[in-house]
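Asker: To start, I am sharing the structure in question, which I have written as structure tokens.
The values are calculated or read from the model by the stated rules, or taken from the named source; none is laboratory data. Just so you know, these numbers come straight off a predicted model, no measurement behind them. Ideal geometry is used to build each Cβ from the backbone, glycine not excepted, and the neighbour counts take in all protein chains shown.
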Amino acid sequence: MIDALWVLRGIEGLVLVVGALIAVSSLRAYRRTGATPLALLGAGFVLVTVAAALAGVLFELVTHDLLTAWTVSTAFDAVGFALILYSILRPSDPAGNAAPPVPASPVPPTETPPP
């Protein structure tokens, strides 16, 4: 039978891999475009990913106290998610690094008949 701790380790490993892929992708997009919200998004995912790793390291190697590991991890998660939210909701800056809102079209576009 598989021990529940090994299941938790496997899930945390999956979170690390997926979180790292998202963080790297958004930071590469920031380098390509220079859009500040992408940098904030990447930094938020870095913090959320580090939180997962830190919880495991604290529990396994440092304290074996689940409450301490979860408290530190949750603090990192909160800051990471706040950065992600800010990157989504942040207003455009004077340099134009955030995409302006797209106005809704009141009339749907019509197809032009072929000549």
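Asker: Looking at the stretch 34-42, can you tell me whether even one residue there is assigned to a loop (DSSP other than H, G, I, E, B) and over 17 Å from A82 (Cβ atoms)?
Answerer: Step one: list which residues in the stretch 34-42 are assigned to a loop (DSSP other than H, G, I, E, B), which gives 34-35.
Okay, now just the ones that are also over 17 Å from A82 (Cβ atoms), so 34-35.
Yes, the stretch 34-42 contains at least one residue that is assigned to a loop (DSSP other than H, G, I, E, B) and over 17 Å from A82 (Cβ atoms).
Asker: Taking only pairs six or more apart or across chains, which ones have beta-carbon atoms under 6 Å, a first residue in the stretch 8-22 that is under 9 Å from A53 (Cβ atoms), and a second residue that is modelled with pLDDT under 90?
Answerer: Every condition considered, the pairs that remain are E12/A52; E12/G56; V15/A52; L16/A52; L16/A53.
Asker: OK, next. Run down L83, L89, L58 and say which single residue is closer than 19 Å to S26 by Cβ, touching a helix residue (DSSP H, G or I) at 6+ places or on another chain (Cβ under 8 Å) and either of a type in the set (S, T, N, Q) or at pLDDT 85 or above (or both). Working first, answer last.
Answerer: Working: L89 fails: touching a helix residue (DSSP H, G or I) at 6+ places or on another chain (Cβ under 8 Å); L58 fails: closer than 19 Å to S26 by Cβ.
Going through L83, L89, L58 in turn, the sole match is L83.
Asker: Among the residues in the stretch 16-28, are any over 12 Å from the mean Cα position of the chain (by Cα), closer than 22 Å to L5 by Cβ and part of a helix (DSSP H, G or I)?
Answerer: The first filter runs over the stretch 16-28 and keeps only residues over 12 Å from the mean Cα position of the chain (by Cα), leaving 17, 28.
When the remaining residues are screened for being closer than 22 Å to L5 by Cβ, the result is 17.
Now drop any that are not part of a helix (DSSP H, G or I), which leaves 17.
Yes, the stretch 16-28 contains a residue that is over 12 Å from the mean Cα position of the chain (by Cα), closer than 22 Å to L5 by Cβ and part of a helix (DSSP H, G or I).
Asker: Looking at A52 and the list (1) in contact with a helix residue (DSSP H, G or I) (Cβ under 8 Å, 6 or more places away or on another chain); (2) under 18 Å from S87 (Cα atoms), which single condition is not satisfied?
Answerer: The failed condition is (2).
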